[in-house]
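Working notes for the structure below.
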Amino acid sequence: MRIAIASGKGGTGKTTVATNLAWLASQNGLAAAYLDCDTEEPNGHLFLRPAIDQRREIVRMIPQVDPARCTLCGQCGEICQYSAIVCLEQKVLVFPELCHSCGGCALVCPAGAITETPRALGVVETGRCGGLGFVQGRLNIGEVSSPPLIRAVRQAAPPADLLLYDAPPGTACPMIETVRGADYVVLVTEPTPFGLHDLRLAWQVIKSLQMECGVVVNRALVGETEARQFCEQARIPILAEIPDILAIAEAYSEGKLAIEAVPGLQRIFARLLLDVTSAAGTNALPEAARRRLRSIADLRADPPGCGRPAPGAPSCLLALRGNPRAPNRARAISSPDP
Ligand code: SF4
Ligand code: SF4
């Protein structure tokens, strides 16, 4: 089962959701792995603190022109869709940063003047944090084309019941490369105008890929209903709302997993994990793990069908009032603890 955690913009809490879900899954009987596909700025390791046991350099092939053989026919420049190779009057120029390593120019060169040479793109690191598999890609500084490295991250995934892809922010090629092939996409958003705008963009991308998705609202606040209204209109399930409480921000700034640092937050994530794995339409969740997660989620106490919040309801969170860790945060909707 492959779940991608994505968002239309950075800073929404995507890595918080991905790392906490991965950790919770691994702690409850699932063979799980976390894959950090945000290769320009991987930061899942700050929270999971894996022991890295393998590093592999990833290269991509860049054309190199032999001027002695080149006839300046221009065919290489004509086929390149990225203007990465340009035939001038007296020479052919190659722009490695723009090259997508498709090999097209070498194929069409009638003089056999083009060979391909490797260029270092970045590294893929693999390791473990306890029972959780860990993979991350690191793009070399100055490189702009991360999709080949993201593919390498995905290919390095260990055998697992659950693979969680932490996608790069935005809606460009790196995000699409990450979510492609996933069984389900979780879109993380925040209840701000920017968050809603970028959620809309991300949803359009997922829709155009004909993939299933649901939404997690992070830093949810009472009275902020625009994200919910949008999801209801677009018929996108809201899977969870993570409260805007100080303790979560403190845990983040200290490099701690929120579910370990904030009492009761496991309940939200257990419920989210159950919902996501169910929505992914696979039966990869072992029965023992399902029972444990249901117990953490305290689903037995809920009326039937309460796996997701009812329309208009502030998710399945409880009122934050009285939580000494969040003074004067009357607008925050909830703490997960009973
Ligand atoms: S390999 Fe492809 S992208 Fe790169 S220069 Fe040749 S045609 Fe262009
Ligand atoms: S296709 Fe080959 S021969 Fe023609 S300009 Fe390009 S490198 Fe030179």
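The values are calculated or read from the model by the stated rules, or taken from the named source; none is laboratory data. In this text the structure is predicted, and so the values were computed from the model without any measurement. Positions of Cβ are backbone-derived with ideal geometry, glycine not excepted, and every protein chain shown enters the neighbour counts.
From the list Gly281, Gly312, the lone residue that is modelled with pLDDT under 85 and within 19 Å of Met1 (Cα to Cα) is Gly281.
Can you find even one residue in the range 45-52 that is under 22 Å from the mean Cα position of the chain (by Cα), assigned to a loop (DSSP other than H, G, I, E, B), more than 10 Å from ligand 1 (Cβ to nearest atom) and on the phi > 0 side of the Ramachandran plot? Yes, the conditions are met somewhere in the range 45-52.
Those residues that are in contact with a Leu (Cβ under 9 Å, 6 or more places away or on another chain) and without any contact (Cβ under 8 Å) to a residue 60 or more places away in the chain, I need them from the range 246-299; list them, please. Across the range 246-299, the qualifying residues are Ala251, Arg271, Leu274, Ser278, Arg290, Arg294, Ala297, Leu299. Please verify whether the range 66-89 includes one or more residues that are away from ligand 1 (no atom under 14 Å from the Cβ), at pLDDT below 95 and outside the structural domain of Ala6 (by TED's automatic domain parsing). Yes: one or more hits.
Within the group Gly112, Gly137, Gly130, Gly104, which residue is under 32 Å from the mean Cα position of the chain (by Cα) and loosely packed, with under 14 Cβ neighbours inside 10 Å? If you could, list the steps in order and put the result at the bottom.
On the way: Gly112 fails: under 32 Å from the mean Cα position of the chain (by Cα); Gly137 fails: loosely packed, with under 14 Cβ neighbours inside 10 Å; Gly104 fails: loosely packed, with under 14 Cβ neighbours inside 10 Å.
One residue alone meets the criteria, Gly130.
The set of residues in the range 44-95 that are buried (at least 17 other Cβ atoms within 10 Å of the Cβ), more than 9 Å from ligand 2 (Cβ to nearest atom), closer than 20 Å to Ala120 by Cα and not β-branched (Val, Ile, Thr) comprises Arg60, Ala84. Among the residues making up the range 101-130, those that are within 14 Å of ligand 2 (Cβ to nearest atom), in contact (Cβ under 8 Å) with a residue 40 or more places away in the chain, under 16 Å from Ile62 (Cβ atoms) and of a type outside the set (S, T, N, Q) are Gly103, Cys105, Ala106, Ala113, Ile114, Glu116.
The set of residues in the range 62-104 that are in contact with a Pro (Cβ under 6 Å, 6 or more places away or on another chain) and either part of a loop (DSSP other than H, G, I, E, B) or closer than 29 Å to Ala156 by Cα (or both) contains only Ile62.
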